[in-house]
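Engineer: What follows is a single structure, and I will ask about it in a moment.
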Amino acid sequence: GDSERFMSLIAAAEQARAAGDLDLHIDLLWIVASRAWWVDPGAEVRRALVDASRRLGDENAEDPRVFAIHAYADPWGHAAGVLARLTGAARDAPIDTDAALFFGPAALVVGAFDLGADFLAAAVDGLRTDGRLGHLPRLLTLHSSMAARLGEWDVAITAADESRRLAEELAEPQWAAAADTAISLVAAMRGDEPQAE
């Protein structure tokens with residue numbers, strides 16, 4: 001939540017863009033945008049991130065990373081365009097794994113759990129097929145959280161259990177804890193207070 005760190009990453013992203021390294025520019029802004037969703041960076045950082053995302057592109061950006069940055073930078077302000085793009089992408093299925101990796105989380109930040117669950121399921125399947133297991137704890141946790149909110153509790157528990165196991169194997173305690181949170185959420189919705197605790 002340190003605003004100076006956020007601002008230094010945004011500045012580094014802008015320097016990368018000025019030096020012609022668009023991939024680094026996008027990757028650094030993605031780090032800031034995704035972290036700013038979990039931890040409020042403050043009004044100044046939020047404005048800088050929104051401005052940087054607008055210079056980068058909008059909901060119609062071809063690069064799914066740019067689309068996700070746009071969604072995360074200002075979920076409330078960009079929701080209408082993000083939802084329109086997600087709805088169109090869902091109609092135009094199938095979507096490739098790399099796009100689904102970013103479309104699913106973008107759906108989460110604007111509350112489109114129904115669309116996001118499908119994108120995340122596609123991303124998880126694609127990652128397994130490709131053997132890219134390092135991304136799975138995060139995506140499985142997000143999928144679990146969305147499935148819980150959709151009342152798909154068995155899907156939520158299965159995804160959270162797998163996420164926790166993988167997160168522990170990959171030494172990613174934040175995703176193990178997030179998986180436990182999803183399991184607790186389902187238990188609470190089922191009225192199982194001891195399990196929720």
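The values are calculated or read from the model by the stated rules, or taken from the named source; none is laboratory data. Note that the coordinates shown come from a computational prediction; the quantities given were computed from them, not determined experimentally. In this analysis, Cβ positions are derived from the backbone assuming ideal geometry, glycine residues included, and neighbour counts consider all displayed protein chains. To get the accessible areas, we keep the full protein, side chains included, count just its heavy atoms, and leave off ligands, DNA and RNA. Shrake-Rupley method; radii C 1.70, N 1.55, O 1.52, S 1.80 Å.
Engineer: Can you sort 153, 76 by solvent-accessible area, 1.4 Å probe, largest first?
Structural biologist: 76, 153
Engineer: May I ask you to compute the full-extension gain from residue 92 to residue 133, defined as 0.36 nm times their residue separation minus their alpha-carbon distance, rounded to one decimal in nm?
Structural biologist: Length gained, residue 92 through residue 133: 12.1 nm.
Engineer: May I pose another question? Sum -39500 (n - 2.57) across every DSSP H segment of at least 4 residues in the chain, then divide by the residue count to get the 222 nm mean residue ellipticity, nearest 500.
Structural biologist: Rounded to the nearest 500, it is -26000 deg cm²/dmol.
Engineer: For the chain, modelled as a GNM with alpha-carbon contacts under 10 angstrom, which of 17, 85, 65 fluctuates the most?
Structural biologist: Largest GNM mean-square fluctuation: 17.
Engineer: Hey, another quick one. Using a Förster distance of 22 Å, how high is the FRET efficiency between residue 171 and residue 34, based on the Cβ-Cβ distance and rounded to 0.05?
Structural biologist: Computed FRET efficiency for residue 171 and residue 34: 0.65.
Engineer: A follow-up question, please. Over the heavy atoms of residue 2, what accessible area does a 1.4 Å probe trace out, to the nearest 10 Å²?
Structural biologist: 70
Engineer: Could you sort 96, 27 by their accessible area in this structure, using a 1.4 Å probe and putting the largest first?
Structural biologist: In descending accessible area the options line up as 96, 27.
Engineer: I would also like to ask the following. Does the stretch 101-197 classify as rounded, prolate or oblate by the C-alpha gyration tensor (a ≥ b ≥ c root eigenvalues; a/c under 1.5 gives rounded; else a/b over b/c gives prolate, otherwise oblate)?
Structural biologist: oblate
Engineer: Towards the positive end of the charge dipole of the chain, with charges on Cβ (+1 Lys, Arg; -1 Asp, Glu), say which of 143, 107, 53 has the farthest Cα.
Structural biologist: 53
Engineer: Please calculate the 1.4 Å probe accessible area of residue 39, with all protein chains present, and give it to the nearest 10 Å².
Structural biologist: Residue 39 has an accessible surface of roughly 40 Å² with all protein chains in place.
Engineer: OK, next. Note down the relative contact order for the chain as a percent, whole number, built from C-alpha pairs under 8 angstrom at least six residues apart.
Structural biologist: 12
Engineer: Note the listed values (1) 10, 36, 32, 16, 6, 1; (2) 10, 33, 36, 19, 3, 0; (3) 8, 28, 28, 24, 11, 2, then indicate which one is P(r) over Cα pairs in 10 Å bins from 0, in percent calculated from this particular structure.
Structural biologist: (2)
Engineer: OK, next. Taking the Cβ-Cβ separation of residue 43 and residue 184 as r and a Förster radius of 22 Å, what is the calculated FRET efficiency to the nearest 0.05?
Structural biologist: 0.10
Engineer: Keeping the other protein chains in place, figure out the carbon and sulfur percent of the accessible area of the chain, with a 1.4 Å probe.
Structural biologist: It is 51 percent, rounded to a whole number.
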